[in-house]
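Undergrad: The structure's right below; bear with me while I get my questions together.
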Amino acid sequence: MTGNGSTGKAGQPRPVRQWQRILVLRLLGLALIPLVLCGRPVWQDGGLASETLEPLGGILLFAAIFGRFWAILYIGAAKNRTVMQDGPYSLCRHPLYLFSTIGATAFGLLLSSVTLAALIGGATFAVLWITARREERYLRGAFGPAYDDYAARVPRILPRLSGFSTPPRITADVRALRGNFADALVFLALIPLAELIEAVQAAGHLPTFPIW
């Protein structure tokens, strides 16, 4: 479900333009390129920390991919039609943003850097938090008390596991799942990208500085 704070002819908020969110995230990625390319993690050359961070990053990356598919299974056929409150949407109101943040954090860990994980994950979370807040203006206008009640019970992005609930059956939207497959490929591409960056740094092709 998407939305923003702009209003239509009847004074009702209109759905958020998702290209704006994508543009901001891409600009954020461009701004972080120098740090990603030239910041050489102090644990990159091996040791327990490196052997822990990279596998953890891989686990979180696949958790993000499967989490996004899980959320799409529930919201695909109901987007902007009803207040979805089941499955991942019973844990938080924007699970797609939760799993996207997890995937962004995973990239920093794949580079063996706690600093990069915190910066990339934190910046992604901030952008998506602001986007979610704007979307909810539309959702409150579209669904009224139903969404107000949902928002009062379920946190925005950070999940509350005790609230989980799901029906025995759901209706899936194949087209939505197919679209999410392209996003999954982008996340999977982070693994070879991290390996390439480490190889370039190890070969001395870039000036580097140590980061944690």
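Undergrad: Would you check which residues across the stretch 167-201 are open to solvent by 40 Å² or more (accessible area, probe 1.4 Å), assigned to a loop (DSSP other than H, G, I, E, B) and not polar (S, T, N, Q) and list them?
TA: Across the stretch 167-201, the qualifying residues are PRO167, PRO168, ARG169, ILE170, ALA172, ALA189.
Undergrad: Restricting attention to the stretch 51-91, which residues are within 13 Å of the chain's Cα centre (by Cα) and assigned to a loop (DSSP other than H, G, I, E, B)?
TA: Those that are within 13 Å of the chain's Cα centre (by Cα) and assigned to a loop (DSSP other than H, G, I, E, B): none in the stretch 51-91.
Undergrad: Can I ask one more? For the stretch 76-95, enumerate the residues that are buried (at least 23 other Cβ atoms within 10 Å of the Cβ) and either charged (D, E, K, R) or within 12 Å of ASN180 (Cβ to Cβ) (or both).
TA: ARG93
Undergrad: What number of residues within the stretch 151-190 satisfy the criterion of being in contact (Cβ under 8 Å) with a residue 24 or more places away in the chain and under 18 Å from THR101 (Cβ atoms)?
TA: 14
Undergrad: Scan ALA132, ALA142 and give me the residue that is modelled with pLDDT of 90 or more, over 23 Å from GLY103 (Cβ atoms) and in a helix (DSSP H, G or I). Spell out how you get there, then give the answer.
TA: Details: ALA132 fails: over 23 Å from GLY103 (Cβ atoms).
After applying the criteria, what remains is ALA142.
Undergrad: Is there any pair with a first residue in the stretch 73-87 that is within 17 Å of PRO159 (Cα to Cα) and a second that is among the acidic types (Asp, Glu) whose Cβ atoms are under 7 Å apart and which are 6 or more apart or on different chains, and what are they?
TA: As it stands, the answer is TYR74/ASP86, since those pairs meet every condition given.
Undergrad: Looking at (1) open to solvent by 60 Å² or more (accessible area, probe 1.4 Å); (2) farther than 29 Å from LEU73 by Cα; (3) part of a loop (DSSP other than H, G, I, E, B), find the lone condition where GLY204 falls short.
TA: Checking GLY204 against (1) open to solvent by 60 Å² or more (accessible area, probe 1.4 Å); (2) farther than 29 Å from LEU73 by Cα; (3) part of a loop (DSSP other than H, G, I, E, B), the one that fails is (1).
The values are calculated or read from the model by the stated rules, or taken from the named source; none is laboratory data. Since the structure is predicted, the reported quantities are computational estimates derived from the model, not experimental observations. Cβ sites come from the backbone with ideal geometry, for glycine too, and all protein chains shown count toward neighbours. Ligands, DNA and RNA are excluded from the accessible area calculation, which covers all protein heavy atoms including side chains. Shrake-Rupley method; radii C 1.70, N 1.55, O 1.52, S 1.80 Å.
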